[in-house]
Amino acid sequence: MTIILYTKRGCPWCKGVLDLFAEKGVKYEEREVLGNKAYFDELVAKSGQTKTPTLDIDGEILADSDREAVAVYLKSKSVAGF
């Protein structure tokens, strides 16, 4: 499973998801969009919006989410630790 997490500096919802991933040992690639126009453009192209945190999980987009929604989604996908 490949997880890309789009974040913005200072976003409390992003921090919640980052903390969840650290607690559960989830492997992911973080792409901070405010400091990287290419990542920002990629976020918009994939999700049709600019809000974070947004996840790309094996090509499935979970847009403008939060810690609880991400946990529920990963549990539904039988990700280890959930």
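In summary, the aspartates and glutamates within cross-link reach of K24, defined as a Cα separation below 15 angstrom excluding same-chain residues under 8 places away, comprise E68.
Each Lys and Arg adds +1 at its Cβ and each Asp and Glu adds -1 at its Cβ; summed about the Cα centre, the chain shows a dipole of about 120 debye. Within the same chain, lysines fewer than 8 places from K46 are excluded, and of the rest, those with a Cα less than 24 Å from its Cα are K8, K15, K27, K37, K75, K77. Seen against the Cα atoms of the chain and their longest principal axis, helix 67-76 is set at about 60 degrees. Here the sum of -39500 (n - 2.57) over DSSP H runs of 4 or more residues, divided by the residues of the chain, equals -12500 deg cm²/dmol at 222 nm, to the nearest 500.
Taking Cα atoms only, the orientation of helix 12-24 departs from the longest principal axis of the chain by about 40 degrees. Here T50 and E29 are evaluated by their C-beta separation; at R0 = 22 Å the FRET efficiency comes out at 0.70.
According to the calculation over all Cα-Cα pairs in the range 3-76, the P(r) per 10 Å bin from zero is 21, 60, 19, 0 %. Ranking V33, G59, Q49 by how far each Cα lies toward the positive end of the dipole of the range 23-82 (charges on Cβ) leaves G59 at the top.
Every number in this text was worked out from the coordinates using simple rules, so none of it is lab data. Just so it is clear, the model here is predicted, and its values are computed rather than measured. All Cβ positions, glycine included, derive from the backbone under ideal geometry; neighbour counts span all protein chains shown.
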